[in-house]
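Single-structure report; data block below.
The values are calculated or read from the model by the stated rules, or taken from the named source; none is laboratory data. Nothing here was measured: the structure is a model prediction, and the numbers come from that model. Because the Cβ atoms are built from the backbone with ideal geometry, glycine has one as well, and the counts that use them run over all protein chains shown.
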Amino acid sequence: MTDGTEQPGTRRRYRVLGLLATAELLAMTLWFSVSAVGPALATEWGLSAAETAWLTSAVQLGFVAGALLSAVFTVSDVVQPRYLFSASAVVGAAATAVIATSVESFLPAVALRLLTGMALAGVYPPGMKIMAGWFRDGRGFAIGVLVGALTVGSAAPHLLRVAGGVSRPRPVLLGAAGLAVLGAALVLFVRPGPYQAPAAPFDPGAIRRIAGDRGTLLANLGYFGHMWELYAVWAWIPVYLSRSFAANGGESEAFAALVTFGTIAVGGLGAVVAGVTADRLGRTTVTSASMVVSGGACVAAGFVFGASPAVVVPFVLLWGFAIVADSAQFSTAVSELAADSYVGSALTFQTAIGYLLTLGSIQLTPIVADSVGWRWAFAPLAVGPLVGTVAMLTLRRLPEASALAGGRG
């Protein structure tokens, strides 16, 4: 089979793309399922702001732990990724269902959220490996679609919250768990692609080589800067919007939840558009432009705070579009720079460190808000996109950039 787009398997790979993206969307509803209903749980369980933040941070920490273990033991390259994806989604769904039906306090919830994060480490990176096995030409678009699905899935609990009632957490949690089980079933119908490398032997030195490669290191630095901003904004944008609308005279919590859904979900469109554009113009160009926009929005959010919804809503939608648009391109870059046999481990390592950084930014944001108010709470996050932009522009000037986007950099 050739690498060209007009090949016998073209229709099949796009069917696989649709099926895998749907499975990813459904499984990733678990990520923010508890965070979406955090205010209701905080009231019901008597949680402090710090404890509420840990309902999100525990998922990040669990994901980091699971991803690091997977990377060190090259699990994503030893176990068939569709089986790893499916089993992991079921475990995460079970943990979320237990929170909905049996948990009434902070510590058990955090432990189960930690388990959910570990399970999701078996969903996201293996999903990217499956996709890379079906696409070489157009890989940026394909992984962009996958990350777009992840983004919409992450936003979905906020939509479930609107449908199920903003003060009723259990329907949201059970709904997310049910969707994740459906995603686990769907992914079993996805077959390995023609470019998927065969299962690799356990190699404890693989991660050391991956981490030490110059091109991969710069692509990872770009991703790390992006991640410093992304999940802190996704975690706290509901609070920012609620406070901003209140400062302008008040909008309902349901309206704030709906705008939150739109802010996160529109990133799915951003990821797809960026994927198409990066395949044509280059990954370093698209990632740098995206980070300039989203990093600027971190500061601009302070000036927009308290304005009319007619100003705030378009602003956060633009921010949501840009903030995740580059995400898939960092992963695509690593898949192009790393050895084929260990692409799964390279992607898992990248995501593990990136999500580890989110622990700091998620915890920092409410601390800043307590000090200077929610108006300027996101301003320190701009440091991440700044560092990421410098890294990607540096990579653009190096010979390694010729491996990206068919030589486009």
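So which of 187, 172 ends up being in contact with a Phe, Trp or Tyr (Cβ under 7 Å, 6 or more places away or on another chain), among the aliphatic types (A, V, I, L, M) and at pLDDT 80 or above? Lay out the reasoning, then the answer.
Values: 172 fails: in contact with a Phe, Trp or Tyr (Cβ under 7 Å, 6 or more places away or on another chain).
Matching residue, one of 187, 172: 187.
Would you confirm whether or not the stretch 265-281 contains a residue that is among the charged types (D, E, K, R), within 27 Å of residue 142 (Cβ to Cβ) and assigned to a helix (DSSP H, G or I)? Looking for residues that are among the charged types (D, E, K, R), within 27 Å of residue 142 (Cβ to Cβ) and assigned to a helix (DSSP H, G or I), one finds at least one in the stretch 265-281, hence yes.
Out of 251, 229, which single residue is of a type outside the set (Lys, Arg), assigned to a loop (DSSP other than H, G, I, E, B) and either touching a residue at least 24 places away in the same chain (Cβ under 8 Å) or in contact with a helix residue (DSSP H, G or I) (Cβ under 8 Å, 6 or more places away or on another chain) (or both)? Even if it seems obvious, please write down each step before you answer.
Numbers: 229 fails: assigned to a loop (DSSP other than H, G, I, E, B).
Answer to the selection: 251.
A Cβ distance below 8 Å, combined with a sequence gap of six or more or placement on separate chains, defines the contacts here; from the stretch 337-362, residues that are closer than 24 Å to residue 382 by Cβ reach no residue that is surrounded by fewer than 24 Cβ atoms within 10 Å (Cβ to Cβ) and modelled with pLDDT under 75.
Of all residues in the stretch 93-100, none are modelled with pLDDT under 90 and either under 30 Å from residue 254 (Cβ atoms) or part of a loop (DSSP other than H, G, I, E, B) (or both).
Look through 388, 344 and report the one residue that is closer than 28 Å to residue 118 by Cβ, buried (at least 21 other Cβ atoms within 10 Å of the Cβ) and at pLDDT 85 or above.
Details: 344 fails: at pLDDT 85 or above.
388 is the lone residue from the list that is closer than 28 Å to residue 118 by Cβ, buried (at least 21 other Cβ atoms within 10 Å of the Cβ) and at pLDDT 85 or above.
The set of residues in the stretch 14-32 that are within 14 Å of the chain's Cα centre (by Cα) and assigned to a helix (DSSP H, G or I) comprises 21, 24, 25, 26, 27, 28, 29, 30. The condition (being surrounded by fewer than 24 Cβ atoms within 10 Å (Cβ to Cβ), closer than 22 Å to residue 66 by Cβ and free of Cβ contacts under 8 Å to residues at least 60 places away in the same chain) is satisfied by just one residue among 171, 108: 108. Is it true that residue 343 is part of a helix (DSSP H, G or I) and under 23 Å from residue 217 (Cα atoms)? Yes, satisfied. Is there a residue being among the polar types (S, T, N, Q), at pLDDT below 90, assigned to a helix (DSSP H, G or I) and under 18 Å from the mean Cα position of the chain (by Cα) anywhere in the stretch 111-128? No - not one qualifying residue is present in the stretch 111-128.
What residue, among those in the stretch 398-409 that are on the phi < 0 side of the Ramachandran plot and out of contact with any Ser or Thr (no Cβ under 9 Å at 6 or more places or on another chain), is surrounded by the fewest Cβ atoms within 10 Å (Cβ to Cβ)?
Of the residues in the stretch 398-409, the ones on the phi < 0 side of the Ramachandran plot are 398-404, 408.
Subset that is out of contact with any Ser or Thr (no Cβ under 9 Å at 6 or more places or on another chain): 398-399, 402-403.
Working: 398: 13, 399: 8, 402: 12, 403: 15.
The qualifying residue surrounded by the fewest Cβ atoms within 10 Å (Cβ to Cβ) is 399.
Within the stretch 347-378, work out how many residues are assigned to a helix (DSSP H, G or I), among the hydrophobic types (A, V, I, L, M, F, W, C), under 21 Å from the mean Cα position of the chain (by Cα) and at pLDDT 85 or above. Result for the stretch 347-378: 6.
Determine if the stretch 40-60 includes at least one residue that is among the aromatic types (Phe, Trp, Tyr) and outside any helix (DSSP H, G or I). Checking the stretch 40-60: not a single residue is among the aromatic types (Phe, Trp, Tyr) and outside any helix (DSSP H, G or I).
With respect to residue 265, is the statement that it is touching a helix residue (DSSP H, G or I) at 6+ places or on another chain (Cβ under 9 Å) and either modelled with pLDDT of 90 or more or under 23 Å from residue 377 (Cα atoms) (or both) true?
Values: touching a helix residue (DSSP H, G or I) at 6+ places or on another chain (Cβ under 9 Å): yes; either modelled with pLDDT of 90 or more or under 23 Å from residue 377 (Cα atoms) (or both): yes.
Answer is yes for this residue.
Which of the following residues is out of contact with any helix residue (DSSP H, G or I) (no Cβ under 7 Å at 6 or more places or on another chain) and of a type in the set (Val, Ile, Thr): 332, 285? Reasoning before the result, please.
Details: 332 fails: out of contact with any helix residue (DSSP H, G or I) (no Cβ under 7 Å at 6 or more places or on another chain).
Only one candidate qualifies: 285.
No other residue among 178, 205, 212 is on the phi < 0 side of the Ramachandran plot, out of contact with any Leu (no Cβ under 7 Å at 6 or more places or on another chain) and at pLDDT 85 or above apart from 178. From the list 297, 307, 322, the lone residue that is under 23 Å from residue 265 (Cβ atoms), among the small types (Gly, Ala, Ser) and not in a helix (DSSP H, G or I) is 307.
From the list 35, 70, 76, the one residue that fits, being modelled with pLDDT under 90, assigned to a helix (DSSP H, G or I) and under 21 Å from residue 369 (Cα atoms), is 35.
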